[in-house]
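Enquirer: Dumping the structure here so I can ask a few things about it.
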Amino acid sequence: MDFWRENSIFEASTTARESGQPWTFYEGPPTANGMPGTHHIEARVFKDVFPRYQTMKGKYVTRKAGWDCHGLPVEIAVEKELGFSGKGDIEKFGIAAFNDKCRDSVTRHVDAFTTMTNRMGFWVDFDQAYWTMAPEYVESVWWSLKEIWKKGLLVQDHRVAPYCPRCGTGLSDHELAQGYETVTDPSVYARFPVTSGELADLGAALLVWTTTPWTLVSNTAIAVNPEVDYVVAEVTVEDVREVLVVAEPLISALSGEVKILKVMRGKDLERITYKRPLDLIEIPDSHFVVLASYVTTEDGTGLVHQSPAFGADDLAVCRSYGLPVVNPIAPNGTFLSDVPLVGGLFFKDADKVLVKELKSRGVLYKHQPYEHPYPHCWRCHTALIYYAQPSWYIRTTSIKDALIRENNQTDWHPETIKTGRYGDWLNNNIDWALSRNRYWGTPLPIWRCEDKHEVCVDSLAELGALAGQELSNLDPHRPFVDDIHFPCPTCSKEMERVPEVIDCWYDSGAMPFAQWGYPHKPGSVEKFKTSYPADFICEAIDQTRGWFYTLMTIGTLVFDKSSYKSVLCLGHILDKDGRKMSKHVGNVLEPIALMDQHGADAVRWYMLAAGSPWSARRVGHDAISDVVRKTLLTYWNTISFHTLYAQSSNFDISQIPAVKDRSMMDHWILSELNTLIEEVDTAYADFDSQAAGKSLARFIDDLSNWYVRRSRRRFWDGDVAALGTLHECLATLTQLLSPMVPFITEHVWQEVVRVADTSAAHSVHLTDFPVADKTLINLELNTQVAMTRRVVELGRAARAESAIKIRQPLQRALISATGWAKLPIDMKEQIADELNVLDLADIADADGDLVNISVKANFKSLGAKFGKEVQEISKAIAATDATALVKTLRTSGSTKVANWEIDLDDLVITEVPKSGWMVASHEGESVALDLALSQSLIDAGNVREVIRYIQERRKGDGFDISDRIKVRWSADSAIVAAITAAASHISDEVLALEFTFDDSLQAGDNELQINAALEKA
C-alpha cells in the first residue's frame, strides 16, 4: 500500500488510459453510520477485480466513491443514540438539531470504511467522492423529480400502502420486499350471520377466514368471487346444527357432518346483508356482500372480509360500491383511545383480545395458529400495517413496458435473474410510494397553495427566482427549505412546500447523474454523457428489489434508458456453519481482523474463486486457510524456488534461448500458459471470477507439481531454458492474477520480475493484459501431458493401496488409456520415473492375466438409449465373456452385443486384482502394477532410501543447495554391498565428492540403520 501511495500507482493506472475507450463502473454507496462488515469486503472485491481487468485491457475506468447519507436507517440510529421513541421526540428536539446529528452520524465511520477499503486493495477515488446529502447532489435529484413531474408521473394519491407505525411513514414496495419475517399469527374462522333474503330465513352465516383479527374491528363488507360457486351447507357437530356459506372448492374447511342445501353463484350473493361479529365502531351504510374478482379459492373459505383502510384491494372494491373508509387506528399503530375493548392497544397486540371476544360472542367457528411471512420495517423491524393515507407516488406502472424492454437488454449474472427474480418483480410492478413523512432526507421539491396549484422546482436557483431571494447558499434540507414561501404563479396565494421528504433509495438510484451535479454544475453534462449507462454494477442479490431496481427505474423515467448494461448479483455471506452472520449469535468476523490473520489477498481469493459469485458463501478461518494452502501458497513457493535457483545460477533473461530451441516440457508449459491467457481473459470479460480462479489454480498446479517437479535436475544444473521458461510463466501468471490478488502480485513484480527485467513496467498494475500467442498453443501436447498426469495419479493410487513405498522400484506397470500408443517416449519415461517402475506396457494385452473382470448392465445409460429393450440387453451382456468385452471396448471404444451397439459407459465394470498385482482405474483408464520384488529391485529401493536420508540431512544441517560435501556412512550389514555398488550414483545425487563407508559410526535409528556424517568439501 505504501508503494502504491508513494508512487500514485492507482492514479497512474487511470491517467495512462485517458485516451482509451471509457468503461464505467458505478459504486453503490454505503451508509457510513455503522462499522463495515465482512459483507462489505465481498462486494468491494468484486467491484475491484473487473475494473482492474478492464484497465489492463486499455480501458479508461474512473472509479468514483460515494456515500449514502439520508433515510430511515440514519434517523433510527440517531433516535437510539438520543433515547427517542418516535417522531414526537424529534419535533420537540428540533428538526434542524436532529438533522445535524444525522449529518454527523453518516460521517462518523467514513475513516473505518476508508481504512478497510485501502486494506483490502479496492481502488476507488475517495478524494472525488459524492455525498447524497451535498447540496449539488440534492439539486440534481430535484431536477430529475421535476422531469418526472412534468411528464405527469409524480402525483399525490390517497392509497393503502405499507406503513411503519414506529417510524411514522409509508414505505415503497421495494423496501417492503426487504423486510419480511416469519411470524405465527392467530388464524380465525368467524361467523357473519345473514340478515336478509332466503339465507336469513335458513339462519345461515357467512364463514370468513382471516389471519388479521384486528381488522375485523373495521369490517365494512364481505367480498365473494362472482364466478365461483358457493354452497349453503347444513353442518352438524355433536347434534348441534348450523348453516354456513363457503366456496364449493373449500368445503373442506367445514367440520362434522356436512349436507349441501343449496349452491349459489357468487354474483347471486351480491348485496346480501349480514351482522358483523364485532360492533365496536360506527360504520354507516355498510355490511353487505360485494363482488371482487381477486377473491381466490386457494385457501380460507372463498369469502374475504373487507377493511378498506387496511388493504389496497379492499379499498378499491369498497370505493366502487361507495362504502365509507373508517380507520380506527392512529398513525402510531395503536387503536384510538375511544374504541371499546382495544383502545390504546398496538394493532398486533389486539389480536389476542379480539379472538377471546369472538369466542365469548359465539361467532368464532375455529381458531388455529398460522405461520407465514409478514412484512416488517426493513430498518426498525416493527410489524408494518397497510394503511390508507395520502402519499406521493411515481407512476412506474405507466413505464412497465419500457422497464421490461430495458431489462431484456441487460446482461444479468446469473442470467436466471432477468426472467426470474427481477423479471417477476417488473411484471408485478406497482407505483413507487416515493414520499416519507420524515426529516433527514431529500425534501420533495413541490410547493402548493391552498387552491392545490403545484410548482415543482429543479434547483435552488429556480427556487430563489420564485421567492425573490438569493438562495444559492441555502441548505436544501428541512427545516430550511420549509421556510421558503412565494406567491402562486396561478392565483398569487402563498405557496409552501409539501412536508414530505423522499425515499432514500431514490437518492442512491439517482447517482449516475447526481454524482456529477447534473445538469446544473459546469462540466457535469459532458461527464454524465461519457459515463452513462454504466458498463458494470455489482451488489448482493437482495438489491434486485433495491438499488438495481431504482437505478433502472429512474434512468428509464428520466432518460428512457436503464442506468447499466451488465449487473453481477452476489450471494450472501454466511458463517462456516451456513448461518447468517449476526452480532447476537456471536459469529461475526470483523473485516480488518480477518485480513490481518489471513492477508487481504487470501480473503479476496476466497471471495472470488472459492465458489460461484451469486451463491451464498460460507466464510470461516479454515476455509480461507485451505484455499491459501492449495493455490496462493503453491504460487509463492514456486516464486521462491525460482528465485533460489535463479540467484545461484546468475540467471540472465538475455540468455534465454528461442522457444523453438527449448525442450518438450518447455513447449508444453508455454502452451498451457497461452491457453490460460485465453481462458482467464474470457472469464474476466464474462464477470466469472470462479472460472478465472479455477483456470489459474489449475495452471499453478501444473507449473509447480509437474513442470517444476519434472524439471528439477535442469534447475539444479542452472539450465537457462528452464529458468527462462519458468520466469516467463511466472511473470505472465502474476499479471493474470493481479486483478484478484493485487498485493502478492505487486510484491512478486517488484522483487522478481523487475529485478530480472529492468525494462518491466513500474508496477504490475500498470501493465497491459497479456495477449495469447496462438502459435505456442499445442492442444495435442496439452492433452498428452494431461493424460500422463492422470496415469501417474492412478499409479500412485495403486501404490498407496498396495502399501509399497514410492521409493521402492517395481519391475513393470501396464497401462490402459486412450492415446497411449501415440504417447511420446519421453512422456512414458516420465510416467516410469514418477511411478518408479522399470518397464511400461499396454494393459490391453494382459487384462485377463491381471484381474478378474465382471460386468453388468448400466441400466441408467442403456435405458436412456434403448428404453424397454434394456432387460434383453442386460441378459446379452451377462452372457458375454466379460474380459473379452472390456478389452474390446477399451481398445475400440464401442462394440455390438447381440444387436445393440454399446460403449464403456453402458457397463458397470468390477475388476478384482489377481494375486501379485494392484490395479487402479478411473473413467476408462487403468494402471496395473506388478508387485513382485526381486533382490535387485529391493537393493535399488534401499539405495533410494539412502539418497533420501542424506538429502534430508543436507537440508537439516544447513548446507546450501550448491554445496559439495564429504560423506562418511554406515548401514545395516545386509545392505552395505548394495550401497557400495551404487556409491557413484549416490554421490552424484547428493553432490558428494567423497562417499566413504565408516563402520565406527553408530547404527542409525531407522529401518535400514543408516547413519552418516556430512561435512563441507
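Enquirer: Based on what the data block shows, is residue 710 out of contact with any Asp or Glu (no Cβ under 9 Å at 6 or more places or on another chain) and over 27 Å from residue 50 (Cα atoms)? So that I can check it myself, show each step before the final result.
Expert: Details: out of contact with any Asp or Glu (no Cβ under 9 Å at 6 or more places or on another chain): no; over 27 Å from residue 50 (Cα atoms): yes.
For residue 710, the condition - out of contact with any Asp or Glu (no Cβ under 9 Å at 6 or more places or on another chain) and over 27 Å from residue 50 (Cα atoms) - is not met.
Enquirer: Further question on the same structure: Name every residue in region 1-30 that is among the polar types (S, T, N, Q), within 30 Å of the chain's Cα centre (by Cα) and either surrounded by 13 or more Cβ atoms within 10 Å (Cβ to Cβ) or in a helix (DSSP H, G or I) (or both), in order of residue number. Write out each step before concluding.
Expert: Step one: of region 1-30, the residues among the polar types (S, T, N, Q) are 7-8, 13-15, 19, 21, 24.
From what is left, the residues that are within 30 Å of the chain's Cα centre (by Cα) are 13-14, 21, 24.
Result: 13, 14, 24.
Enquirer: Same structure, new question: Spot the failing condition for residue 39; the list is (1) modelled with pLDDT under 90; (2) open to solvent by less than 40 Å² (accessible area, probe 1.4 Å), and only one is missed.
Expert: So residue 39 meets the others, but not (2).
Enquirer: Continuing with the same structure: Do you know which residues across region 468-491 are in contact with a strand residue (DSSP E or B) (Cβ under 8 Å, 6 or more places away or on another chain) and more than 28 Å from residue 102 (Cα to Cα)? Spell out the reasoning first.
Expert: Going residue by residue through region 468-491, those that are in contact with a strand residue (DSSP E or B) (Cβ under 8 Å, 6 or more places away or on another chain) are 468, 476-478, 481-482, 484-489.
Once the filter is applied, which keeps residues that are in contact with a strand residue (DSSP E or B) (Cβ under 8 Å, 6 or more places away or on another chain) and more than 28 Å from residue 102 (Cα to Cα), region 468-491 yields 468, 486, 487, 488, 489.
Enquirer: Then there is this: Report, by residue number, each residue of region 504-533 that is assigned to a helix (DSSP H, G or I) and open to solvent by 40 Å² or more (accessible area, probe 1.4 Å).
Expert: Keep residues of region 504-533 that are assigned to a helix (DSSP H, G or I), which gives 504-509, 511-514, 524-531.
Answer for region 504-533, where residues must be assigned to a helix (DSSP H, G or I) and open to solvent by 40 Å² or more (accessible area, probe 1.4 Å): 525, 526, 527, 529, 530.
Enquirer: Same structure, new question: Among the acidic types (Asp, Glu), under 39 Å from the mean Cα position of the chain (by Cα) and open to solvent by 50 Å² or more (accessible area, probe 1.4 Å): which single residue out of 872, 780 fits that description?
Expert: Values: 872 fails: under 39 Å from the mean Cα position of the chain (by Cα).
Step by step, each of 872, 780 is checked, and only 780 is among the acidic types (Asp, Glu), under 39 Å from the mean Cα position of the chain (by Cα) and open to solvent by 50 Å² or more (accessible area, probe 1.4 Å).
Enquirer: Within region 811-829, how many residues turn out to be under 20 Å from residue 931 (Cα atoms) and surrounded by fewer than 20 Cβ atoms within 10 Å (Cβ to Cβ)?
Expert: Residues of region 811-829 that are under 20 Å from residue 931 (Cα atoms), as a first pass: 811-816, 828-829.
If we keep only those that are surrounded by fewer than 20 Cβ atoms within 10 Å (Cβ to Cβ) as well, we get 811-812, 828-829.
Of the residues in that region, 4 qualify.
Enquirer: Give the residue, chosen from 297, 301, that is closer than 25 Å to residue 198 by Cβ, open to solvent by less than 10 Å² (accessible area, probe 1.4 Å) and part of a loop (DSSP other than H, G, I, E, B).
Expert: On the way: 297 fails: open to solvent by less than 10 Å² (accessible area, probe 1.4 Å).
Checking each option against the conditions leaves just 301.
Enquirer: Can you tell me which of (1) under 27 Å from residue 325 (Cβ atoms); (2) assigned to a helix (DSSP H, G or I); (3) not hydroxyl-bearing (Ser, Thr, Tyr) is the one residue 209 doesn't meet?
Expert: (2)
Enquirer: Which count do you get for residues in region 918-939 that are surrounded by fewer than 20 Cβ atoms within 10 Å (Cβ to Cβ) and either among the hydrophobic types (A, V, I, L, M, F, W, C) or closer than 30 Å to residue 995 by Cβ (or both)?
Expert: Residues flagged as surrounded by fewer than 20 Cβ atoms within 10 Å (Cβ to Cβ) and either among the hydrophobic types (A, V, I, L, M, F, W, C) or closer than 30 Å to residue 995 by Cβ (or both) within region 918-939 amount to 9.
Enquirer: Which of the following residues is without any contact (Cβ under 8 Å) to a residue 60 or more places away in the chain, more than 30 Å from residue 960 (Cα to Cα) and hydrophobic (A, V, I, L, M, F, W, C): 600, 610, 623? Don't jump to the end; show me each part of the working.
Expert: On the way: 600 fails: without any contact (Cβ under 8 Å) to a residue 60 or more places away in the chain; 610 fails: without any contact (Cβ under 8 Å) to a residue 60 or more places away in the chain.
Answer to the selection: 623.
Enquirer: Assess whether residue 737 counts as being open to solvent by less than 10 Å² (accessible area, probe 1.4 Å) and under 17 Å from residue 678 (Cα atoms). Explain how you work it out, then say what you get.
Expert: On the way: open to solvent by less than 10 Å² (accessible area, probe 1.4 Å): yes; under 17 Å from residue 678 (Cα atoms): yes.
In short, yes.
Enquirer: Which one of 631, 550, 556 is touching a residue at least 60 places away in the same chain (Cβ under 8 Å), part of a helix (DSSP H, G or I), in contact with a Leu (Cβ under 6 Å, 6 or more places away or on another chain) and buried (at least 16 other Cβ atoms within 10 Å of the Cβ)? If you could, list the steps in order and put the result at the bottom.
Expert: Numbers: 631 fails: in contact with a Leu (Cβ under 6 Å, 6 or more places away or on another chain); 550 fails: in contact with a Leu (Cβ under 6 Å, 6 or more places away or on another chain).
The conditions single out 556.
Enquirer: Mind listing just one residue for me: the one in region 655-671 that is open to solvent by 20 Å² or more (accessible area, probe 1.4 Å) and in a helix (DSSP H, G or I) and, of those, modelled with the highest pLDDT?
Expert: Filtering region 655-671 for residues that are open to solvent by 20 Å² or more (accessible area, probe 1.4 Å) and in a helix (DSSP H, G or I), the one modelled with the highest pLDDT comes out as 667.
Enquirer: So, one more: Criterion first (assigned to a loop (DSSP other than H, G, I, E, B) and surrounded by fewer than 23 Cβ atoms within 10 Å (Cβ to Cβ)) does residue 471 satisfy it?
Expert: On the way: assigned to a loop (DSSP other than H, G, I, E, B): yes; surrounded by fewer than 23 Cβ atoms within 10 Å (Cβ to Cβ): yes.
Spelling it out, residue 471 is indeed assigned to a loop (DSSP other than H, G, I, E, B) and surrounded by fewer than 23 Cβ atoms within 10 Å (Cβ to Cβ).
Enquirer: Further question on the same structure: Quick one: how many residues across region 312-340 are open to solvent by 10 Å² or more (accessible area, probe 1.4 Å), within 23 Å of residue 370 (Cβ to Cβ) and touching a helix residue (DSSP H, G or I) at 6+ places or on another chain (Cβ under 8 Å)?
Expert: 1
Enquirer: Also, quick follow-up: If you take the residues in region 384-414 that are at pLDDT 85 or above and of a type in the set (Gly, Ala, Ser), which one is most open to solvent (accessible area, probe 1.4 Å)?
Expert: Filtering first and then ranking leaves 398.
Enquirer: Here's another thing I want to ask about it. Would you pick out the residues in region 421-444 that are among the small types (Gly, Ala, Ser) and farther than 22 Å from residue 103 by Cβ?
Expert: Of everything in region 421-444, those that are among the small types (Gly, Ala, Ser) and farther than 22 Å from residue 103 by Cβ turn out to be 423, 433.
Enquirer: May I pose another question? Within region 226-241, identify whether any single residue is touching a Phe, Trp or Tyr at 6+ places or on another chain (Cβ under 9 Å), buried (at least 18 other Cβ atoms within 10 Å of the Cβ) and of a type in the set (A, V, I, L, M, F, W, C), and answer yes or no. Walk me through it before giving the result.
Expert: We begin by selecting, within region 226-241, every residue touching a Phe, Trp or Tyr at 6+ places or on another chain (Cβ under 9 Å); these are none.
No, that holds for no residue.
Enquirer: What's the number of the condition residue 579 fails, among (1) at pLDDT 85 or above; (2) closer than 16 Å to residue 38 by Cα?
Expert: (1) is the only condition that residue 579 fails.
Enquirer: Another one. Closer than 21 Å to residue 801 by Cβ, crowded, with 18+ Cβ neighbours inside 10 Å and at pLDDT 90 or above, is that true of residue 944? Can you show your working first?
Expert: Working: closer than 21 Å to residue 801 by Cβ: yes; crowded, with 18+ Cβ neighbours inside 10 Å: yes; at pLDDT 90 or above: yes.
The answer is yes for residue 944.
Enquirer: While we're looking at this one, here's another question. Being outside any loop (DSSP other than H, G, I, E, B) and polar (S, T, N, Q) is the filter; apply it to region 765-788 and report the residue that is farthest from residue 822 (Cα to Cα).
Expert: Looking only at region 765-788, we keep the residues that are outside any loop (DSSP other than H, G, I, E, B), and these are 765-766, 774-776, 779-788.
Applying the additional criterion that residues be polar (S, T, N, Q) yields 775, 782-784, 788.
On the way: 775: 22, 782: 14, 783: 12, 784: 9, 788: 12 Å.
Going through the qualifying residues, I end up with 775.
Enquirer: Would you mind finding the one in 587, 637 that is assigned to a loop (DSSP other than H, G, I, E, B) and surrounded by fewer than 22 Cβ atoms within 10 Å (Cβ to Cβ)? Outline the logic, then answer.
Expert: Numbers: 637 fails: assigned to a loop (DSSP other than H, G, I, E, B).
Matching residue, one of 587, 637: 587.
Enquirer: Now a separate question. Which residues, taken from region 642-654, are closer than 15 Å to residue 730 by Cβ and surrounded by fewer than 16 Cβ atoms within 10 Å (Cβ to Cβ)? Spell out the reasoning first.
Expert: Filtering region 642-654 down to residues closer than 15 Å to residue 730 by Cβ leaves 642-647, 651, 653.
Across region 642-654, the qualifying residues are 644, 647.
Enquirer: Here's something else I'd like to know. Please enumerate the residues belonging to region 250-269 that are farther than 19 Å from residue 288 by Cβ and open to solvent by 80 Å² or more (accessible area, probe 1.4 Å).
Expert: 252, 257, 259, 260
Enquirer: In this structure, does residue 953 turn out to be touching a residue at least 24 places away in the same chain (Cβ under 8 Å), assigned to a strand (DSSP E or B) and open to solvent by 40 Å² or more (accessible area, probe 1.4 Å)? Outline the logic, then answer.
Expert: Working: touching a residue at least 24 places away in the same chain (Cβ under 8 Å): yes; assigned to a strand (DSSP E or B): no; open to solvent by 40 Å² or more (accessible area, probe 1.4 Å): yes.
Taking the combined requirement at face value, the residue does not satisfy it.
Enquirer: For the condition under 21 Å from residue 785 (Cα atoms), at pLDDT below 90 and of a type outside the set (Asp, Glu), what is the one hit in 846, 884, 832, 841?
Expert: On the way: 846 fails: under 21 Å from residue 785 (Cα atoms); 884 fails: under 21 Å from residue 785 (Cα atoms); 832 fails: at pLDDT below 90.
Being under 21 Å from residue 785 (Cα atoms), at pLDDT below 90 and of a type outside the set (Asp, Glu) holds for just one of 846, 884, 832, 841, which is 841.
Table: residues versus (1) more than 24 Å from residue 604 (Cα to Cα); (2) in a helix (DSSP H, G or I).
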| residue | (1), (2) |
| --- | --- |
| 673 | no, yes |
| 678 | no, yes |
| 682 | no, yes |
| 692 | no, yes |
| 703 | no, yes |
| 706 | yes, yes |
| 718 | yes, no |
| 722 | yes, yes |
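Enquirer: Among 153, 145, which is the only one that is farther than 30 Å from residue 345 by Cα, surrounded by fewer than 21 Cβ atoms within 10 Å (Cβ to Cβ), touching a Leu at 6+ places or on another chain (Cβ under 7 Å) and of a type outside the set (Ser, Thr, Tyr)? Step through it out loud before you land on a result.
Expert: Values: 145 fails: surrounded by fewer than 21 Cβ atoms within 10 Å (Cβ to Cβ).
Of 153, 145, the one residue that is farther than 30 Å from residue 345 by Cα, surrounded by fewer than 21 Cβ atoms within 10 Å (Cβ to Cβ), touching a Leu at 6+ places or on another chain (Cβ under 7 Å) and of a type outside the set (Ser, Thr, Tyr) is 153.
Enquirer: Then there's this: Starting from region 4-15, keep only residues that are closer than 11 Å to residue 61 by Cα, then list their pairs with residues that are among the aliphatic types (A, V, I, L, M) and part of a helix (DSSP H, G or I) whose Cβ atoms are within a distance under 8 Å, requiring at least 6 positions of separation or different chains.
Expert: 13/766
The values are calculated or read from the model by the stated rules, or taken from the named source; none is laboratory data. From a predicted model like this one, the values you see are computed outputs, not experimental measurements. Note: ideal-geometry Cβ built from the backbone for every residue, glycine included; neighbour counts use all protein chains shown. For accessibility, only protein heavy atoms count, side chains too; no ligands or nucleic acids. Shrake-Rupley method; radii C 1.70, N 1.55, O 1.52, S 1.80 Å.
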